[in-house]
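Take a look at the structure set out below.
The values are calculated or read from the model by the stated rules, or taken from the named source; none is laboratory data. Just so it is clear, the model here is predicted, and its values are computed rather than measured. Cβ coordinates were reconstructed from backbone atoms using ideal geometry, including for glycine residues, and neighbour counts include every protein chain displayed.
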Amino acid sequence: MMLEIDDPNEIERVFRWATVIFACALSLHAADHLRRGMDVVPRAVMIGGTVQLMLAAITVVLVFAGSRAAPYFAVGVGSLSAIGFTVAHLLPTWGFFSDSFINAPPAARVTWFSWVTAVVEILADVMFAIVGAVVLRSRRGTAESGPRQESSRLIS
């Protein structure tokens, strides 16, 4: 089933909901890091996560402020977050930017909750980037040809 949205206001509403989902997933993942203890997280991962958290907060503010830059930030932050969380958590230990759940030592306190929050975070990041791209496409179509006649496709 394809979700089709013709109304630019509806696209913006979907964008705001995607932002809320993204922020909730990020918050749950951050809560898991707090639960595990910050002493078990490698310094590079801690710095990367802090930068990601700041960029995510800026992006959320931009979305709800209605900034024209918001979808660009959503695409960038969503994409980079999905890549970052995947390489940090879902690959075996590989280097300084690794907090692997695959072969985590018991001291890392990785549980089922860690796995769920990481996977949900990655899925939310991908969704946020896709919705941001749909918003950009919709706005570009509206700017080039006035009100759009065709539907914007979000999810197949």
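Looking at the range 140-156, which of the residues that are more than 21 Å from the chain's Cα centre (by Cα) and at pLDDT 50 or above is surrounded by the most Cβ atoms within 10 Å (Cβ to Cβ)?
GLY141
If you check every pair at least six apart or on different chains, which have Cβ atoms under 8 Å apart with a residue in the range 12-41 that is farther than 19 Å from SER138 by Cβ and without any contact (Cβ under 8 Å) to a residue 12 or more places away in the chain first and a residue that is of a type outside the set (Asp, Glu) and assigned to a helix (DSSP H, G or I) second?
MET38/MET46
Within the range 29-40, is even one residue out of contact with any Ser or Thr (no Cβ under 8 Å at 6 or more places or on another chain), more than 17 Å from VAL119 (Cβ to Cβ) and surrounded by 16 or more Cβ atoms within 10 Å (Cβ to Cβ)?
So far as the range 29-40 goes, no, none of its residues is out of contact with any Ser or Thr (no Cβ under 8 Å at 6 or more places or on another chain), more than 17 Å from VAL119 (Cβ to Cβ) and surrounded by 16 or more Cβ atoms within 10 Å (Cβ to Cβ).
Is at least one residue of the range 67-90 farther than 20 Å from LEU123 by Cβ, modelled with pLDDT of 95 or more and aromatic (Phe, Trp, Tyr)?
For the range 67-90, residues farther than 20 Å from LEU123 by Cβ, modelled with pLDDT of 95 or more and aromatic (Phe, Trp, Tyr): present.
Does any residue of the range 25-46 turn out to be modelled with pLDDT of 95 or more, of a type in the set (S, T, N, Q) and in contact with a Phe, Trp or Tyr (Cβ under 8 Å, 6 or more places away or on another chain)?
The answer is no, given that none of the residues of the range 25-46 is modelled with pLDDT of 95 or more, of a type in the set (S, T, N, Q) and in contact with a Phe, Trp or Tyr (Cβ under 8 Å, 6 or more places away or on another chain).
Name the residues in the range 57-77 that are under 13 Å from LEU26 (Cβ atoms) and hydroxyl-bearing (Ser, Thr, Tyr), would you?
THR59
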